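Beneath this line is the structure, given in structure tokens, with notes to follow.
Derivation of every value follows stated rules applied to the coordinates shown; laboratory data play no part. Model, not experiment: these values are computed from the prediction. Cβ atoms come from the backbone with ideal geometry, glycine included; neighbour counts cover every protein chain shown.
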Amino acid sequence: MIIDAHTHLFSPDVMRHRSRYAERDAFFGYLYSGTVARMVSVEEMIVAMDQAGIDKAIVTGWCWQNHVDCVEQNSWTMDVVRKYPGRLRALAAIQPNAGAEAIRELERCVAGGMVGLGELNADGQSFRLDDKSFRMLAHRAAELNVAMLLHTNEPVGHKYPGKGQLPLSDIYDLAKAIPNLRLVLAHWGGGFPFYELMREVRKVATNIYYDSAASPLLYSPKIFRTVIDIVGADKVLFGSDFPLILYPRSQTEPDFIPFLNEMRKLGLSVEEWAKVMGENAERVFQK
């Protein structure tokens with residue numbers, strides 16, 4: 001079983017009126033105002049999954065700045081998941097700054113079959129992990145026993161659109177404050193796995209997981225072996241960031257296959273492959 005734990009879909013309305021949404025949401029406009037950032041329909045994604053042999057995908061919510069846009073996307077996404085119940089699971093798009101409305105929206109989405117919330121983006125949505133509204137949302141997610149996907153990125157290296165400034169220390173403080181929150185750090189946690197070599201961090205990070213979204217654009221393939229050796233295969237989730245183009249020198253259209261081909265060359269054991277490529281996502285993003 002192969003599960004891609006990090007994919008993106010937008011509604012037909014967003015795809016048709018990209019410029020309109022870009023005008024009313026500055027962060028969306030920053031990343032999607034042109035045509036370079038790809039969007040695909042759900043039908044196109046299912047075809048690509050079939051071609052690559054991917055059994056299921058986790059559809060992440062976009063980090064909208066406006067609560068109303070989150071609600072609209074969530075309603076559409078829930079309908080899509082009902083159409084493809086065996087292939088897709090979804091995370092709720094939530095704006096933490098919406099306070100009580102954000103919590104009510106999370107509750108609505110979980111009741112409607114969603115398996116968590118995210119991808120939340122502290123920079124793109126203008127919140128801090130120690131904000132009262134965010135902490136209330138995180139506590140409610142923990143109470144509902146659903147996962148939170150949080151955007152993270154490496155604090156060094158080249159600049160690129162969407163690269164944020166979330167301090168790793170804030171993630172540590174969050175995990176320490178709400179230890180029962182199932183937290184998935186996107187894009188390898190921005191280097192957080194390295195600090196699990198510290199006993200005190202490893203103890204706090206018991207409920208933290210790491211996905212590999214956009215990995216080919218950021219790291220050597222050796223990162224899989226390195227992180228697995230540090231935190232264990234139980235805490236790593238294969239994620240692509242589809243429909244992002246991961247190999248721009250050789251790839252022109254969204255495709256799961258090139259990343260999967262790279263994965264098969266890593267030399268993971270049968271047990272490690274099973275966990276990273278599906279079993280962990282099945283457990284972390286449980287219904």
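Amide H contacts under 5 Å for TYR209: LEU183, VAL184, LEU185, restricted to partners 5 or more places along the chain or on a different chain, H placed in the peptide plane at 1.01 Å from N. Summing Cβ point charges (Lys, Arg +1; Asp, Glu -1) relative to the Cα centre of the stretch 8-99 gives a dipole of roughly 60 debye. Only helices enter this figure: runs of n ≥ 4 DSSP H residues, each worth -39500 (n - 2.57), summed and divided by the residues of the chain, yield -11500 deg cm²/dmol at 222 nm to the nearest 500. Each 10 Å bin from 0 upward holds the following percent of the Cα-Cα pairs of the stretch 77-169: 16, 44, 28, 12, 0. Taking 0.36 nm per residue of separation and subtracting the Cα-Cα distance, full extension of the segment from SER75 to ASN145 would add 23.1 nm. Dipole magnitude for the stretch 129-243: computed about the Cα centre from +1 point charges on Lys and Arg Cβ and -1 point charges on Asp and Glu Cβ, it is near 80 debye. Applied to the stretch 60-70, the Karplus parametrisation 6.51 cos²θ - 1.76 cosθ + 1.60 on θ = phi - 60° returns per-residue 3J(HN,Hα) values of 8, x, 7, 8, 5, 7, 9, 4, 4, 5, 4 Hz, with x for Gly and Pro. Couplings 3J(HN,Hα) for the stretch 194-211, derived from phi with the Karplus relation 6.51 cos²θ - 1.76 cosθ + 1.60 (θ = phi - 60°), are 4, 6, 5, 5, 8, 4, 5, 6, 4, 5, 6, 8, 3, 9, 9, 10, 10, 9 Hz, where x marks Gly and Pro. In this rough spin-label picture, where each label sits 7 Å from Cα along the Cβ direction, the ALA111-SER269 distance is 4.5 nm. Binning all Cα-Cα separations of the stretch 175-287 at 5 Å, short to long from zero, yields these whole-percent fractions: 2, 11, 22, 24, 19, 12, 6, 3, 1. Dipole magnitude for the stretch 1-43: computed about the Cα centre from +1 point charges on Lys and Arg Cβ and -1 point charges on Asp and Glu Cβ, it is near 160 debye. 3J(HN,Hα) couplings calculated from phi for the stretch 73-78 with the Karplus curve 6.51 cos²θ - 1.76 cosθ + 1.60 (θ = phi - 60°) are, in sequence order, 5, 4, 4, 5, 5, 4 Hz; Gly and Pro show x.
Once you have a ≥ b ≥ c as the square roots of the Cα gyration tensor eigenvalues for the stretch 221-272, tell me rounded if a/c is under 1.5, and otherwise prolate or oblate according to whether a/b is larger than b/c. It comes out prolate by the Cα gyration axes. Look at the dipole of the chain built from charges on Cβ: of VAL146, GLY53, TYR247, the Cα furthest out on the positive end belongs to VAL146. In summary, the convex hull built on the alpha carbon positions of the stretch 1-160 has an orientation-averaged projected area of 10.0 nm². Averaging 1/r over each pair of different alpha-carbon atoms in the stretch 198-243 and inverting the result gives 11.5 Å, the Kirkwood hydrodynamic radius.
Note on LYS265: lysines with a C-alpha under 23 Å away, same-chain residues under 8 apart excluded, are LYS56, LYS222, LYS235, LYS275. Note on the chain: dipole from Cβ charges, positive end direction compared against GLY190, LEU31, ASN207; the farthest Cα belongs to ASN207. Subtracting the Cα-Cα distance of ASP173 and ALA100 from 0.36 nm times their residue separation leaves 24.0 nm of extension gain.
Sorting the Cα pairs of the chain by distance into bins of 5 Å, from 0 upward, gives 1, 6, 13, 18, 21, 19, 14, 7, 2, 0 percent per bin.
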